[in-house]
Amino acid sequence: MKIKFIEKKLQVDGDVRAYSEKKVSKLDKFFKSESEAVITYSTERGRCRAEVTLSNNGMYYRASELTSDMRASVDSCCGSIERQIRKNKTRLEKKLREGALEDLTAPDFIPADAEEDEPDSFEIVRTKRISLKPMTAEEAVLQMNLLEHEFFVFLNQDDNDSFSVVYKRRNGGYGLISADDV
């Protein structure tokens with residue numbers, strides 16, 4: 001497993017890095033092919049935040065924990081990701097072909113954060129380009145939940161690869177928006 005460390009406004013000692021590497025490397029047992037992990041360390045109001053993002057063949061798992069100790073944050077993240085993997089691997093293998101977890105691909109999409117300066121002008125503060133992958137709506141909902149986003153953009157296999165968006169509804173459940181052929 002390839003592991004990348006990111007430190008935001010703090011220095012993490014080698015012991016915490018080694019501990020994090022050992023804990024995150026244990027998650028590699030769930031995948032057949034090589035996976036990558038990004039561990040981000042930061043502090044918020046005197047508390048330690050660890051964010052672990054694990055990717056394997058385009059499938060992303062992410063967890064973020066805020067505790068009083070960086071090691072406890074890493075432990076919680078690894079536990080959360082392990083639960084996500086177990087829950088969703090079982091679901092995918094029941095619904096899809098064998099080995100679907102390794103074959104499923106989806107872009108890492110993070111929505112742009114935009115603030116309104118004036119009522120008539122909007123400033124775009126972040127732009128991200130993504131490659132859209134064909135998948136079913138169910139797979140898109142699964143990927144959206146794994147990334148903990150409110151919506152997810154994809155090409156809908158069930159609708160002749162039309163541009164589609166799945167989203168979480170405020171009153172529960174999910175919605176699907178598909179583009180008309182123009």
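Key figures for this structure:
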{"read-out": "Subset tally (residues that are at pLDDT below 90, open to solvent by less than 30 Å² (accessible area, probe 1.4 Å) and out of contact with any Cys (no Cβ under 8 Å at 6 or more places or on another chain)) for segment 15-53", "value": "3"}
{"read-out": "Tally, over segment 135-182, of residues that are among the polar types (S, T, N, Q), touching a helix residue (DSSP H, G or I) at 6+ places or on another chain (Cβ under 9 Å) and more than 19 Å from R62 (Cα to Cα)", "value": "5"}
{"read-out": "Scope segment 21-54; condition within 14 Å of K4 (Cβ to Cβ) and not in a strand (DSSP E or B); matching residues", "value": "E21, V24, S25, E34, S35"}
{"read-out": "Sole exception among (1) surrounded by 12 or more Cβ atoms within 10 Å (Cβ to Cβ); (2) modelled with pLDDT under 85; (3) assigned to a loop (DSSP other than H, G, I, E, B) for H149, by number", "value": "(2)"}
{"read-out": "Selected residue (criterion: least open to solvent (accessible area, probe 1.4 Å)) from residues of segment 60-86 that are out of contact with any helix residue (DSSP H, G or I) (no Cβ under 8 Å at 6 or more places or on another chain) and either among the small types (G, A, S) or not in a helix (DSSP H, G or I) (or both)", "value": "S73"}
{"read-out": "Total residues in segment 134-146, condition buried (at least 18 other Cβ atoms within 10 Å of the Cβ) and either basic (K, R) or over 15 Å from the mean Cα position of the chain (by Cα) (or both)", "value": "2"}
{"read-out": "Close pairs (8 angstrom Cβ cut-off, 6 or more residues apart or separate chains): more than 20 Å from S80 (Cα to Cα) and of a type in the set (G, A, S) in segment 31-56, open to solvent by less than 30 Å² (accessible area, probe 1.4 Å) and in a strand (DSSP E or B) anywhere", "value": "S33/N56"}
{"read-out": "Residues of segment 3-14 classified as surrounded by 10 or more Cβ atoms within 10 Å (Cβ to Cβ) and among the charged types (D, E, K, R), total", "value": "3"}
{"read-out": "In segment 1-20, the residues that are more than 18 Å from S80 (Cβ to Cβ), in contact with a helix residue (DSSP H, G or I) (Cβ under 8 Å, 6 or more places away or on another chain) and assigned to a helix (DSSP H, G or I)", "value": "V16"}
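The values are calculated or read from the model by the stated rules, or taken from the named source; none is laboratory data. Keep in mind that what you see is a predicted model, and the values were worked out from it rather than measured. Positions of Cβ are backbone-derived with ideal geometry, glycine not excepted, and every protein chain shown enters the neighbour counts. Heads up: the accessible areas ignore ligands, DNA and RNA and are worked out on the full protein's heavy atoms, side chains in. Shrake-Rupley method; radii C 1.70, N 1.55, O 1.52, S 1.80 Å.
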